[in-house]
Amino acid sequence: RAVLAQTAPLQEGRETIKNKAVEVKDKAKEMLQKGKEKVQEVRKKLEDQRSKRVADFNQRMLARFDVSINRLENIASRLDSRLGKLAKDGRDVTDFRTALDVAKSKIASAKTALSEVKLSLETVTVSETPKTDFEMARGKLDSIKDAIKQAQAALVDVVKSIKGSSEKEKSGSSNNGQ
């Protein structure tokens, strides 16, 4: 009996230690779960911010390209009116018109590519894989940029050819006048 009386407090001590250990484990599991939830919230927030940045980037780029295409169309119409004036003055503008038509077709293809990309970029913002979709969108935006550059280069060629022919005409008329 004396031994049993001495082991009773030890048993109680062991029980309290076990209870404390279970409480600590439960508390650790709870804290771990809270940490996981917080990480999930932060990831979701970062993903939302990333999607917003991608959407903003896409909108800025599309707006820039739209302005560029409108500017090129404006230049093409001004060149067209200039060619009309030159034709009224009796100059042969068939080569210039052909070059201008090529430039206009390149502007039209850039505009078509822009409208196609606008549709495809709408899906990027709601996608489950924004990183790969953003890379795809960036490639499409680069193709539009190249199309705009080609259209601009074609317009520059038209201007150069008009300018070159008018300079030849001026030098030819100044030599004839002397």
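The values are calculated or read from the model by the stated rules, or taken from the named source; none is laboratory data. What you see is a predicted model, and the numbers here were worked out from it, not measured in a lab. Note that we place each Cβ from the backbone using ideal geometry, even for glycine, and neighbour counts take in every protein chain shown. Each accessible area value is taken on the protein alone, full model and side chains, heavy atoms only, with ligands, DNA and RNA left out. Shrake-Rupley method; radii C 1.70, N 1.55, O 1.52, S 1.80 Å.
Annotations
- 3J(HN,Hα) along the range 146-151, derived from phi through the Karplus expression 6.51 cos²θ - 1.76 cosθ + 1.60 where θ = phi - 60°, amounts to 5, 5, 5, 4, 5, 5 Hz, with x in place of Gly and Pro.
- Calculated from backbone phi, Karplus (6.51, -1.76, 1.60) coupling profile of the range 107-113 in Hz, x at Gly/Pro: 5, 5, 5, 5, 5, 5, 4
- The chain - percent relative contact order, Cα under 8 Å, separation 6 or more: 26 percent
- Along its principal axes, the chain has C-alpha extents of 141, 31, 17 angstrom, given from the largest down.
- The chain, accessible surface, carbon-and-sulfur percent (1.4 angstrom probe): 54 percent
- To the nearest ten degrees, helix 2-88 and the longest principal axis of the Cα atoms of the chain are 10 degrees apart.
- Of A154, F65, A21, farthest towards positive along the dipole that unit charges on Lys, Arg, Asp, Glu beta carbons give the chain: A21
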